[in-house]
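See structure below.
All of the numbers you see were taken from the coordinates with simple rules; none came from a lab. Since the structure is predicted, the reported quantities are computational estimates derived from the model, not experimental observations. Virtual Cβ from ideal backbone geometry, glycine too; neighbours counted across all protein chains shown.
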């Protein structure tokens, strides 16, 4: 877009699905885009597909705290400001897995990596003229909860319970982040709904094929789902926090966006990081 200055855009989970689509759209507008992902082959395929010197692929396992810190250091050494951070990284784990940090995998990848990227990159975001974080999860959905007595789900693990808990944690992450009066970053929580994206990441062939079949008839095209994200990068919403569920604004008084719960989760997360030397 010749009337728009180029932006610096960071995308976690950007080698497939919606993240990949946003990367290609922003490259077409002349932006400098860094895509973070764990799959080297998909990263190389994206580089080949884009054939654009403004695209950079950064391989990292974002379920690892040390890896997220490495990514932040890398980005901070290369950029003086970041205009947009788009958060997509997530992967379903049918069985409970622990990361090297002793954390439940879904919690670590889907929630904690987003917490760390947003907070650690905030100085670079605040250095941009009109910065925005877009967290793609399930805002507006009220299913699921934070298991305050066992957030790492050492008991009664289930892949759906883990996904829903991390989704609600991302809701609260947005509330807590936007409550930082000293930051000018606008925080957008976005639920795209069922989208023709992400099926290839599921570990079960049966589930992958089922999702693909259902997507043919019921899912939104990826291009439609990412259109708001692409536009928010150019024109962030006015408020410190906004939330959109499948095209409709979400009432910020929703119980899953409770500020007291957001503060409680933020305190838990800070204690968790301190206990691991971060």
Seminar exercise, completed: Summing -39500 (n - 2.57) over every DSSP H run of at least 4 residues in the chain and dividing by its residue count gives a helix-only mean residue ellipticity at 222 nm, to the nearest 500 deg cm²/dmol, of -13000 deg cm²/dmol
Problem set entry | Mean separation of Cα contacts under 8 Å, 6 or more apart, over the residue count of region 27-99: relative contact order % | 27
Exercise. If we count other beta carbons within 10 Å of each Cβ, what is the order of 268, 187, fewest first?
Worked result: 268, 187
Exercise. For residue 278 and residue 253, FRET efficiency with R0 = 25 Å and r from the beta-carbon atoms, rounded to 0.05?
Worked result: 0.15
For this session: Using label points projected 7 Å from each Cα along Cα→Cβ, tell me how many nm separate residue 95 and residue 45, to one decimal.
Result: 2.6
For this session: Going by C-beta contacts inside 10 Å, put 234, 83, 261 in order with the fewest on the left.
Result: 234, 261, 83
